[in-house]
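First up is the structure itself, then whatever we jot down about it.
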Amino acid sequence: MTSGAAAGRYARALFDVVLKEGANLEQIQADLQQFVDVFAQHPSLGAMLGNPAIPASKKLGVAKALIERAGPISPVVAKIILMLAERDRLMLLPDIARLYRERLMDHQKIVRGEVTTAVALGTDKLRALEQGLQQATGRKVVLEARVDPSIIGGVVARLGSTVYDGSVTTQLEKMKQSLIEAGQ
């Protein structure tokens, strides 16, 4: 089984357990992300936990120490971290956290997207765009704004695999193609 498939199974099982127990779905996400951030901030720790030459028992000891120092943490998150350490699968944690977050957003009917404009959008315009896309999709939309001066003007919005392209560059390309076809 590939690591992506394994991470998907762990994330799905974790989400199902949390949902069944009625625990706070967002808190579980925050707890998972806390551990992912620790590994990201300390690359040597992540490298050690991903090193197959280091016995799983030592990794389990490190995981227990991290959990003790983490402060209040959900028991289900502590359990999955210990289980991953026992099975020498802690390197899957970032993927598990990402896939759990995707399942959580899908459960909450939230779609993440990206909006690209030629100049930075103000917060009010970004919120208005989110509301318009929310009406179009029937789901809550959370956009991440990017600036790309090459689109000249307008907006390009991506929601999953759907692209709403209202950029000036695309409109000019369409006009150019129409003129070329009309001239033939």
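When you count the other C-beta atoms within 10 angstrom of each residue and take the mean per peptide, 48-54, 78-84 line up highest first as 78-84, 48-54. Span-like helix check, the chain: qualifying full DSSP H segments, with Cα axial length of 15 Å or more and mean Kyte-Doolittle of 0.0 or more, are 3-21, 25-41, 56-69, 75-86.
Expressed as a fraction of 2.2 N^0.38 Å, the value expected for a compact globular protein of N residues, the C-alpha radius of gyration of segment 3-106 is 1.00. The alpha-carbon of LYS64 sits under 17 angstrom from the alpha-carbons of these lysines, leaving out residues fewer than 8 places away in its chain: LYS79. Round to the nearest 0.05 the FRET efficiency obtained for GLU181 and ALA136 when R0 = 35 Å and r is the Cβ-Cβ distance. It comes out at approximately 0.70. Using the rule -39500 (n - 2.57) for each DSSP H run of four or more residues, divided by the residues of the chain, the 222 nm mean residue ellipticity is -20500 deg cm²/dmol.
A dipole drawn for the chain from +1 and -1 charges on Cβ atoms has a positive end, and of ALA97, ALA128, ALA118 the residue lying farthest that way is ALA97.
One Cα centroid belongs to segment 15-80, the other to segment 154-180; the line between them spans 44 Å.
Over all pairs of different C-alpha atoms, segment 85-171 has a mean inverse distance whose reciprocal, the Kirkwood radius, equals 14.6 Å. With a cut-off of 13 Å between beta carbons, the residues surrounding SER57 carry a summed charge of +2, where Lys and Arg count +1 and Asp and Glu -1.
A simple packing score, the average count of other Cβ atoms within 10 Å per residue, orders the peptides 147-159, 170-182 as 147-159, 170-182, with the highest score first. Its Cα centre serving as origin, segment 109-183 has a Cβ charge dipole (Lys and Arg +1, Asp and Glu -1) of approximately 320 debye.
Any idea what diffusion coefficient the chain gets from Stokes-Einstein, in µm²/s, Kirkwood Rh on alpha carbon pairs, 25 °C, 0.890 mPa s?
Numbers: Rh = 19.5 Å.
Diffusion coefficient, whole number: 126 µm²/s.
Projecting the Cα atoms of SER57, ALA6, VAL17 onto the charge dipole of segment 3-106 (Cβ charges, centred on the Cα centre) puts SER57 farthest toward the positive pole.
Length gained on full extension, VAL147 to HIS42: 34.7 nm, using 0.36 nm per residue less the C-alpha separation. Can you give the Rg to Rh ratio for segment 1-63, taking only C-alpha atoms and Rh from Kirkwood? Reported Rg/Rh (Cα atoms, Kirkwood Rh): 1.03.
Throughout, read-outs are computed from the coordinates displayed, never taken from laboratory work. What you see is a predicted model; the values in this text were computed from it and never measured. Note that each Cβ is placed from the backbone with ideal geometry, even for glycine, and that neighbours are counted across all protein chains shown.
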